[in-house]
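Structure record follows, encoded as structure tokens.
The values are calculated or read from the model by the stated rules, or taken from the named source; none is laboratory data. Please read these numbers as outputs of a predicted model, since none were measured by experiment. Cβ atoms come from the backbone with ideal geometry, glycine included; neighbour counts cover every protein chain shown.
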Amino acid sequence: MINLSTGAFFERATRQIGSLRSEAEKLQEQLGSGKRLTRSSDDPVAAARLRTLARHERLSEVDQRNSERAMADLKMTDKALGTMTDLVIRAQELTMQAANGANGLEQRQLLLAEIQGVRDSLLMVANSRNAAGQALFGGHLATSAYNPAGAYEGAGEAETVEIGDGQTVIRGLTGPEVISFEHNGNPTDLLTVLGTLAAALQDPAANHTTAAQTALGELEAGLKQVTTAQTIVGARMGWIEIVDERRTATGELFAEERGEIGGADPATTMVRLQEMMTVLEASQASFVRLSGLSLFDKLR
Amino acid sequence: MASDLLSIAQSGARAARAALDVTAQNIANAASDGYVRRSASMQEVSAAGGQMRTGDISLSGVRISGIDRNADMFRQAEVRRTHSDSARATAELRGLENIESAVEQADLFSAIVEFEGSLRQLGSDPIDPALRAATVAAAETMANKFNIAADSLTAVAEGAQFEAGAAVDQANVLTSEIARINVRLARAGPGSSDRASLLDQRDLMLERLSGIANISTSFASDGSVAVRMGGSSGPSLVNGGNASALSMAIDGTNGTPSFTLDGNPVAPAGGSLAGRALVLQEVDTVRGKLDALASTIATAVNNVQGTGAALDGSNGVAMFNGTTAATLQVAFRDGALIATAPAGSPAGSRNAANLADLRTALESGGGAERMNAVLFDISSRVAGHKVTTEALDAIASSARISLEQQSGVDLDTEAANLLRFQQAFQASGRAMQVASDIFQSLLAIR
């Protein structure tokens, strides 16, 4: 004879209803948080992948900020180079006038003052600083790039910045890369050229026309150097944009993957919750009916 | 001797009363833990015909021959065995979940990533004091989280040790109780209700004991039990009236427990004690991994620091003190001491070559990846154990239910029994009435 123990009946019912309830609560928690995993052990592989994705996202945020910073520096460099071009063109005009042999003393003095002004402006631009107050053309060193005498005192190369995926960009140009060049095989730079010209104009005994003509040739080469530098900066900004676009695309992929792995789909979860609730209600109702079946009620 | 209708009816009424008592007792104990359904067994009383009286009717009614306890020894042994397994698995799962929470909630992984990120960000402007300070803060957070994880692990270990200690105490109480029951069983009369309740107690104690350690039992004819730990050839826990003392010692260095029974080392393979011992070993393993990770990170960073120059151009100094997760500390608060530039650089250099090395060292040492692996390892063990525990739990509960079905009280059956014995009582009463009627009709003869 099978003995249907009352204790066993209640224990089994409690167990079943309890496990259904805990399932339903878990689904409810998933709906509330929008996350499928509440702790790693719910799905260890997915949790590990989610952590890796989170790391990539965090680091790519940093990369984004780094590349924005490098971009800002390059834009400032670009502006500075634009100003330099204007200054060199102005210097060319002035030198052209100086090359005209019919200048009187007074006119020469005016030209001299203006050429010195251009040289000072050029020095100032070469010493311009970025948003963090560091010399744009100083390479590694944060101190000023050129001393008032026009000698370069920065570092030999500009620093590179990592902008993610192992890609780097050189965030600036050193002074010599912009204003130093060779003319007829002789190394010189724009500050020296203008300084020499000014000195010649100051010297009444010098041949001003020859000096101005030499300077004119040198300025031509200098202008080419500055515009070349501007092209380089433009290319670097383009590179940063390419890497940025790539990062955005990867970021979208990561976000999508994270949603797929770790997100709880509301529709599916809702339907499963409804299913669970139906089963739970049915088993509660049947428990009430079964437990109400007592022979004692029938015996009078 | 001839039959006596009145005394037969009286014995019937008495037996029915006793059976009703047993039924009422069953109903009253329907929800009692460890109560096994009783039934009164009845036996006919009659005398064999003697010499020269072969044709005699010699009936003397019925008597209660004993109170039966409807326990199935096999199912009880099954319950004990499966209960041991499930208790071990449950204790282990709970401990592993605690370890998982301890390591996961310390959020060490994101702290390592944050440190990595801060180093990378410092690369955008190595001389920015704000970025340097942020890097030192990130390093401090990481070190703190290592400390927190180590502390939480210690708390998990202490909890498991405490619970194991409590279980050992309880096991000692249970074994001495079983020994006392053994003594009393030897004195209780067979078939008595006293004996039945002693057996109930014995089985309840054995089941509780099996939740603490895996045991094997052998029963003597008087119901007393000999308990051994492990298999049937294991060390004796209870023998007759003697209980052996179980004790536990915690290893000072790695925190794992060892057990002795009357001074002889034993290793429980089941029950919560075995589960807790496994948990404590796991805590030790995880702690070892965290320590190794902390030491790797500290060494890698410190080595590269040593090959670089700080902001003021001086040689880099170690960034971390301590080589274990619990003792890891940041050695300096001043962000200027981070050696971003290569050795020999002038003060204020923006050269980030050494910083790049620092980052590479951290990455190739596998900081975040290794932490991820540690977390994955623990969480996949928890997930695996969850499945095992659920299976063992289902087996244990089905064994339990099958025992309950066989030995538990079914109120419907008892209701039917009430009716049955009530009717038997009434019938015996009617038999007495008949005896009296017969007597009356004899007296009425004139």
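Return the only residue of A:117, A:133, A:139 being more than 22 Å from the chain's Cα centre (by Cα) and not aliphatic (A, V, I, L, M).
Numbers: A:133 fails: more than 22 Å from the chain's Cα centre (by Cα); A:139 fails: more than 22 Å from the chain's Cα centre (by Cα).
Checking each option against the conditions leaves just A:117.
If I filter segment A:116-134 for residues that are more than 30 Å from residue A:60 (Cβ to Cβ), in a loop (DSSP other than H, G, I, E, B) and within 14 Å of another protein chain (Cβ to nearest Cβ), do I get at least one hit? Walk me through it before giving the result.
To start, the set of residues in segment A:116-134 that are more than 30 Å from residue A:60 (Cβ to Cβ) comprises A:116-128.
After this cut, where a residue has to be in a loop (DSSP other than H, G, I, E, B) as well, the list is A:127-128.
Subsequent filtering for residues that are within 14 Å of another protein chain (Cβ to nearest Cβ) retains none.
No: segment A:116-134 contains no residue that is more than 30 Å from residue A:60 (Cβ to Cβ), in a loop (DSSP other than H, G, I, E, B) and within 14 Å of another protein chain (Cβ to nearest Cβ).
Suppose we keep only residues that are at the interface with chain A (Cβ under 8 Å from one of its Cβ atoms) and within 15 Å of residue B:306 (Cβ to Cβ) within segment B:341-395. Which one would you say is surrounded by the most Cβ atoms within 10 Å (Cβ to Cβ)?
So the residue we want is B:341.
If only one of B:438, B:338 is crowded, with 19+ Cβ neighbours inside 10 Å and of a type outside the set (Ser, Thr, Tyr), which one is it? It would help to see each step written out before you state the result.
Numbers: B:438 fails: crowded, with 19+ Cβ neighbours inside 10 Å.
So the residue among B:438, B:338 that is crowded, with 19+ Cβ neighbours inside 10 Å and of a type outside the set (Ser, Thr, Tyr) is B:338.
Which of the residues spanning segment B:379-405 are over 20 Å from the mean Cα position of the chain (by Cα) and under 21 Å from residue A:49 (Cβ atoms)?
B:379, B:380
Given the conditions (1) farther than 30 Å from residue B:123 by Cβ; (2) in contact (Cβ under 8 Å) with a residue 12 or more places away in the chain, and given that residue B:433 satisfies all but one, which numbered condition is not satisfied?
Among (1) farther than 30 Å from residue B:123 by Cβ; (2) in contact (Cβ under 8 Å) with a residue 12 or more places away in the chain, the lone unmet condition for residue B:433 is (2).
Among (1) more than 14 Å from chain A (Cβ to nearest Cβ); (2) under 27 Å from residue B:194 (Cα atoms); (3) in a helix (DSSP H, G or I), which single condition is residue B:75 missing?
For residue B:75, the failing item is (1).
Filtering segment A:2-44 down to residues that are part of a helix (DSSP H, G or I) and hydroxyl-bearing (Ser, Thr, Tyr), which residue is farthest from residue B:393 (Cα to Cα)?
Let us first name the residues in segment A:2-44 that are part of a helix (DSSP H, G or I), namely A:6-33, A:40-42, A:44.
This time we only want the ones that are hydroxyl-bearing (Ser, Thr, Tyr), so: A:6, A:14, A:19, A:22, A:33, A:40-41.
Values: A:6: 21, A:14: 15, A:19: 13, A:22: 16, A:33: 30, A:40: 22, A:41: 19 Å.
Ranking the qualifying residues of segment A:2-44, first place goes to A:33.
Name the residue that is nearest to the other protein chains (Cβ to nearest Cβ), counting only residues in segment A:25-41 that are buried (at least 18 other Cβ atoms within 10 Å of the Cβ) and more than 33 Å from the chain's Cα centre (by Cα).
A:41
Could you grab me the full set of residues in segment B:293-335 that are buried (at least 21 other Cβ atoms within 10 Å of the Cβ) and part of a loop (DSSP other than H, G, I, E, B)?
Matches in segment B:293-335: B:310, B:311, B:316, B:319, B:325, B:328.
Here's a check for you: in segment A:1-24, which residue that is surrounded by 14 or more Cβ atoms within 10 Å (Cβ to Cβ) and of a type in the set (Gly, Ala, Ser) is farthest from the other protein chains (Cβ to nearest Cβ)?
This residue is A:24.
Please give the strands (runs of 3 or more DSSP E) falling wholly within segment A:147-186 in which 1 or more residues are among the small types (Gly, Ala, Ser) and either at negative phi or at pLDDT below 80 (or both).
Output list reads A:180-183.
What are the residues in segment B:315-335 that are at pLDDT 90 or above and among the charged types (D, E, K, R), if any?
If the condition is that a residue be at pLDDT 90 or above and among the charged types (D, E, K, R), then no residue fits.
Checking the structure you have, find out if any residue of segment B:128-136 is within 12 Å of chain A (Cβ to nearest Cβ), outside any helix (DSSP H, G or I) and within 30 Å of residue A:158 (Cα to Cα).
Yes, segment B:128-136 contains at least one residue that is within 12 Å of chain A (Cβ to nearest Cβ), outside any helix (DSSP H, G or I) and within 30 Å of residue A:158 (Cα to Cα).
What residue, of B:56, B:107, is away from every other protein chain (no Cβ under 13 Å), surrounded by 14 or more Cβ atoms within 10 Å (Cβ to Cβ) and of a type in the set (Asp, Glu)? Write out each step before concluding.
On the way: B:107 fails: away from every other protein chain (no Cβ under 13 Å).
None of the others qualify; the one that does is B:56.
May I ask you to list the residues in segment A:53-77 that are surrounded by 17 or more Cβ atoms within 10 Å (Cβ to Cβ) and either more than 10 Å from every other protein chain (Cβ to nearest Cβ) or acidic (Asp, Glu) (or both)?
Those that are surrounded by 17 or more Cβ atoms within 10 Å (Cβ to Cβ) and either more than 10 Å from every other protein chain (Cβ to nearest Cβ) or acidic (Asp, Glu) (or both): A:53, A:63, A:64, A:71, A:73, A:74, A:76, A:77.
Looking at segment A:143-172, which of its residues are within 14 Å of another protein chain (Cβ to nearest Cβ) and hydrophobic (A, V, I, L, M, F, W, C)?
Filtering segment A:143-172 down to residues within 14 Å of another protein chain (Cβ to nearest Cβ) leaves A:143-145, A:153-172.
Passing the criteria: A:145, A:155, A:158, A:161, A:163, A:169, A:170.
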